[in-house]
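Derivation of every value follows stated rules applied to the coordinates shown; laboratory data play no part. Since this is a predicted model, take the numbers as computed values, not measurements. Cβ sites come from the backbone with ideal geometry, for glycine too, and all protein chains shown count toward neighbours.
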Amino acid sequence: MSFTDELSTVADPLWDAIEGHPMVERLGAGTLSTDPFEYWVRQDYVYLVDYARVFAYGAGTAPDVARMGTFAELLDSTINTEMDLHRAYAAEFGISEAELEATEASPTTRAYTDFLVRTAATGSFGDLVAVLLPCMWGFNETAERLRERGKPDDERYAEWIDTYAGAEFTELTTWCKELMDDVARDASDAERERYRDLFYESGRYEYRFWDAAWRQEGWEL
Ligand SMILES: Cc1ncc(CN)c(N)n1
């Protein structure tokens, strides 16, 4: 059994919880109101800036040139392709790129991105892959599950599903799973245990990120 097969026992309850969250349920059904979605677009943009930094760390610490190259491509595609989707959504809401970038990170966004960047900066290459994997696997799995239910009429939400269940994002998820398996193959039991813990922590933040958007979480003070 591969390491990512083993991780499925940790991952599946997370993906089930995300699929059943009211924000995700409504996005899939096309009944999500604009406010939580606009909040999600803003916060996810801020998230993606730091997510791209994790790829930069990955390019810096990758053990071989091929993987350095892939991390560099991922940095480029996050900033120039994935974030284009958010810029297009924002334009529909009348929000400029500068306003998007100036969005204050919510407590959950701040905690999640700090966790990702801290792990990337201070952990091993395997630790970095372990915290990155739920970001790709979770979105891909969620979008695939929503697509199976049938595409929503609302164009914005249909596009979200098409992007994250699409061939490009699915390939990326497969690549990241294979990378995790490669890294885990040469790891000690203690390292694999740590990868599992880091994966779970990152996955829990994935759930919280949806929940924060649903609650439109802000700072009290
Ligand atoms: C919170 C979150 N997690 C993952 C992804 C997919 N890159 C995202 N856009 N946002």
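Restricting region 125-221 to GluC sites (Glu not before Pro) that sit in a DSSP loop and have at most 12 other Cβ atoms within 10 Å of their own Cβ leaves GLU220. Full extension of the chain between SER188 and ALA17 gives 58.5 nm of extra length, using 0.36 nm per residue less the Cα-Cα distance.
Using the rule -39500 (n - 2.57) for each DSSP H run of four or more residues, divided by the residues of the chain, the 222 nm mean residue ellipticity is -27000 deg cm²/dmol.
In terms of the Cα gyration tensor, with a ≥ b ≥ c the square roots of its eigenvalues, is region 168-215 rounded because a/c is under 1.5, prolate because a/b exceeds b/c, or oblate? Here region 168-215 falls in the oblate category. Here the gap between ARG149 and ALA167, fully extended at 0.36 nm per residue and compared with their Cα-Cα distance, gives a gain of 4.7 nm. Taking 0.36 nm per residue of separation and subtracting the current Cα-Cα distance, fully stretching the chain between VAL10 and ALA66 would add 17.2 nm.
In region 128-194, which trypsin sites (Lys or Arg not before Pro) fall in coil by DSSP and have 15 or fewer other Cβ atoms within 10 Å?
Filter output for region 128-194: ARG149.
For region 76-90, putting each phi into the Karplus relation 6.51 cos²θ - 1.76 cosθ + 1.60 with θ = phi - 60° gives couplings of 5, 6, 5, 6, 9, 10, 4, 6, 5, 4, 5, 5, 5, 4, 4 Hz, in residue order, rounded to whole numbers and with x for Gly and Pro. Each label point was placed 7 Å from the Cα along the Cα-to-Cβ direction; for THR34 and ARG110 their separation is 2.9 nm. The relative contact order of region 3-215 comes to 34 percent, based on Cα pairs under 8 Å that sit 6 or more residues apart.
Is the shape of region 88-221 best called rounded, prolate or oblate, per the rule: a/c under 1.5 gives rounded, else a/b larger than b/c gives prolate, else oblate, with a ≥ b ≥ c the square roots of the Cα gyration tensor eigenvalues? Note, shape of region 88-221 comes out oblate.
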